[in-house]
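First the structure, in the form of structure tokens, and then the observations on it.
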Amino acid sequence: VLLLEPERALVLTDPRYTTQVLEEADCAAKVVRGATLKSVPPLLEKRRLSRLGVEAGHLTVESYSFLESATRGKTSLRPLAGVVEWLRLVKSEEEIALIREAVKVTSRAFARALKKVREGIREQELAAELDFQMLRAGAERPAFETIVAFGPRAALPHARPTFNSLQSNELLLIDMGAQRQGYASDMTRVAHWGRPNGKTRALHGAVLEAQLAAVDAVRPGATAHSVDRAARSTLRKHGLDRQFLHSTGHGLGLEIHEAPRLGKKETATLEAGMVITIEPGVYLENSGGVRIEDTVVVTANGCEVLTPTPKELLVL
Ligand code: ZN
Ligand code: ZN
């Protein structure tokens, strides 16, 4: 539990973290026994805090009810949303350098794991290989559950890897990201086992065109929805916009999904130092799907695509 006051901060933890809290926290720390939250009400009373903001997106109903009843008449609670996240919108030079490292680890691991692809490999096996290679290349952990989808399963935007095995002439959709020194990265690439037919090439080509158009629209002062529109209108030209089922991208940093969201109705204005993903995708039920995703940083006069992995349809 972190208690923030205008002039000081205090982190409360339990005895398992006595040593770790001294190493990791740069503010005052107190080790308490029992449920950490139980030590909060007496502390509020001692410090005569009459108003307390709580993170609505993270506190459970149970914890909120406890705090509310234990502080009744002394401290009033106010649910807050996005206060901390808002401060994280624009990344510092140091943070961008760390994200760049996480991106490199992802691309290196992708290239290594791809060598293991062969007919009959299971989605689970390839996902495990990608995770292993990320850890080997310097990740603390994958930033999210790695997605590997073969053939028709590539039509599921958030497919979980299964025991399905790779057949000849199938698409492989891989969405992965390394978490390194606390910072996330995010990348999606599509490969084809065997020579792709014209229809698959055209689908991939359309998504790539949309992805490049969206990257082109990223600059300081651009609104989030204008970047989304660039991708969506390109897909409309190909008659594929209705199969584009999600927004064009999201911010990332300490968490894999942060503000801003790059959706149809998002009015946030991009600023230099924001780090976002650009990831249009088209999903054709029972047949397959293509998504191409890069991690991108907004710069003073445009943007820089951090992801070094080529985006062409990889033929294996
Ligand atoms: Zn992704
Ligand atoms: Zn993403």
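The values are calculated or read from the model by the stated rules, or taken from the named source; none is laboratory data. If you're wondering where the values come from, they're calculated on a predicted model, not measured in any experiment. Neighbour counts are summed over all protein chains in view; Cβ atoms, including those assigned to glycine, are modelled from backbone coordinates with ideal geometry. To get the accessible areas, we keep the full protein, side chains included, count just its heavy atoms, and leave off ligands, DNA and RNA. Shrake-Rupley method; radii C 1.70, N 1.55, O 1.52, S 1.80 Å.
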Inset, instruction - Those residues that are touching a strand residue (DSSP E or B) at 6+ places or on another chain (Cβ under 9 Å), assigned to a loop (DSSP other than H, G, I, E, B) and either within 16 Å of ligand 1 (Cβ to nearest atom) or more than 15 Å from Arg180 (Cα to Cα) (or both), I need them from segment 126-160; list them, please. - result: Ala139, Ala143, Phe144, Thr146, Leu156, Pro157, His158, Ala159, Arg160
Inset, instruction - Could you tell me whether segment 209-217 includes any residue that is free of Cβ contacts under 8 Å to residues at least 12 places away in the same chain, surrounded by fewer than 21 Cβ atoms within 10 Å (Cβ to Cβ) and acidic (Asp, Glu)? - result: no
Inset, instruction - Specify the residue that is surrounded by the fewest Cβ atoms within 10 Å (Cβ to Cβ); the eligible residues are those in segment 131-156 that are within 16 Å of ligand 2 (Cβ to nearest atom) and over 20 Å from Glu255 (Cα atoms). - result: Leu156
Inset, instruction - Report yes if Arg122 is open to solvent by 10 Å² or more (accessible area, probe 1.4 Å), within 25 Å of Leu306 (Cα to Cα), more than 16 Å from ligand 2 (Cβ to nearest atom) and charged (D, E, K, R), otherwise no. - result: no
Inset, instruction - Tally the residues that are under 22 Å from Glu85 (Cβ atoms), assigned to a strand (DSSP E or B) and either more than 15 Å from ligand 2 (Cβ to nearest atom) or open to solvent by 10 Å² or more (accessible area, probe 1.4 Å) (or both), restricting the search to segment 258-296. - result: 4
Legend entry - Test: residue in segment 181-189 that is open to solvent by less than 10 Å² (accessible area, probe 1.4 Å) and either more than 30 Å from Phe150 (Cβ to Cβ) or away from ligand 1 (no atom under 16 Å from the Cβ) (or both): no
